[in-house]
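Just so it is clear, none of the values below were taken in a lab; they were calculated from the coordinates. All figures in this text were calculated on a predicted structure; none of them were measured in a lab. Cβ placement follows ideal geometry from the backbone for every residue including glycine, while neighbour counts extend to all protein chains displayed.
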Amino acid sequence: MNDWWQRLRHRWSAGLHQQVTRAGLGYTATLLVVALAAFLSANNLLFLILAAMFSTLLISGFISRLGLAGLELDLLLPEHISARRTVRVGIRLKNLKSWIPSFSVHLAGRGEGGAETILYFPVVPGGSVLEESVDLYFARRGAQRDRAFQLSTRFPFGFAERREMVTARHDVVVYPCLDPQPGFEALLASVAGEMEAAQRGRGHDFYRIRPYEVLESARHVDWKATAHTGDLQVREFAREQDHRVLIYFDLDVAPESEAWFEKAVDCSAFLAFRLAEHGAQLRFQTQEFDVTLPEEGDIYTILKYLALVNPRRGRPPAAPDDAQSFHIVFSADPERMVALGWGMGESRGARLLGPDPLGKDAFSK
């Protein structure tokens, strides 16, 4: 029974901007019965009733169409948006008709993630602007310009649901996902530990107690630990200078590695964002992009680039030109990066991440 109703309603509504409701189908069936009785009996009263019913149906269609006419939609988006994260946005509905209100308006929008946003406006006065807040979901990184929404109403009698599609035009750049995916936090902790170990020295942040080495200054001797062990022990401190990190992202990726490329984009964005939060002096470099924070921008400069980046097949990476920073290298061909000198020489430490940045194929030094 339900399938029959759906097929009948679809055929009735085909090619129109409206969908007939059960009430509308029942009203139309009643109208046909009255029309048949009027013509068979030639009764003037039935003809008057038929005219009133038919005019009511026409008026209903005209009013519902007028109610959706002149409605304009706009989105109030936050400045920074990350993929695969629900974002609270403002929706502004404006009635361009100066004195005609719109009644019982439903707003629906289906996002990339499949989640449907529904708002209900009982009345939108003429010339007014109404604002509401909703949650939107952005499934993928990249630039987005248009987002489609559907306005619908069953006003005034509910015989049909009138629908109009409206497009909210906006320029927004969706950053890669910044939420920790499986293994990302463990990788960050591992990288942070390697950086700390590579930069231990003579600062003020205590690092560890270790055995005394020849020619070291006696002022760092820990006498309590020495008395406990019977051998000279010294205190070692982390270096005072800030952590300097160079993230190199190799864009030369074969078509079969595109899935790795997207995962590496998310991982590099996550690492860059977290390292910048902790005050690291960060440099991000690819074959076509090179920026140092904070001298040449902020972390959102890097995230915006990663939101729009695509593989550049046939553009080999460059050799390293900074031996004083900790290197984090993303490449589908780690052996090539080692051959170019990444992670070698006087670098204060390095982490080379291969086809699976979080798996057993990762290379590290």
Given H placed 1.01 Å from N in the peptide plane, which residues other than close sequence neighbours of Thr21 have an amide H under 5 Å from its amide H?
-> Ala160, Glu161
Taking amide hydrogens as modeled 1.01 Å from N in the peptide plane, which residues meet the under 5 Å criterion relative to Arg312, leaving out close sequence neighbours?
-> Asp252, Val253
Give the order of Val129, Val172 when sorted by the count of other beta carbons within 10 angstrom, beginning with the fewest.
-> Val129, Val172
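For each of Leu57, Leu76, count neighbouring Cβ atoms within 10 Å of the residue's Cβ, then give the residues from fewest to most.
Values: Leu57 17, Leu76 12.
Sorted ascending by nearby Cβ count, the order is Leu76, Leu57.
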Per residue of the stretch 254-266, in order, report the coupling 6.51 cos²θ - 1.76 cosθ + 1.60 (Karplus, θ = phi - 60°) as ³J(HN,Hα) in whole Hz, putting x for Gly and Pro.
-> 6, x, 6, 9, 5, 5, 4, 4, 5, 5, 5, 4, 4
What's the exposure ranking of Met337, Met165, going from fewest to most Cβ atoms within 10 Å?
-> Met165, Met337
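Which GluC sites (Glu not before Pro) does the stretch 120-179 hold that lie in a coil by DSSP with at most 12 other beta carbons within 10 Å?
On the way: sites: Glu131, Glu132, Glu161, Glu164; in loops: none.
Sparse-neighbourhood loop GluC sites (Glu not before Pro): none present.
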Which one of Ser257, Pro316, Phe270 has its Cα pushed farthest toward the positive end of the charge dipole of the stretch 228-330, where Lys and Arg give +1 and Asp and Glu give -1 at the Cβ?
-> Ser257
Table column - 3J(HN,Hα) (Hz), the stretch 120-125, Karplus curve with 6.51, -1.76, 1.60, x for Gly and Pro = 10, 10, x, 8, 10, x
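Shape verdict for the stretch 262-331, please, from the Cα gyration tensor: rounded (a/c under 1.5), prolate (a/b greater than b/c) or oblate.
Numbers: a/c = 1.61, a/b = 1.20, b/c = 1.34.
Note, shape of the stretch 262-331 comes out oblate.
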Charge dipole magnitude, Cβ of K and R +1, D and E -1 - the stretch 1-174, Cα centre, debye nearest 20 | 300 debye
Residue by residue through the stretch 146-157, the couplings from Karplus 6.51 cos²θ - 1.76 cosθ + 1.60 with θ = phi - 60°, in Hz, x for Gly and Pro, are 10, 9, 8, 10, 10, 9, 9, 8, 10, 5, x, 10
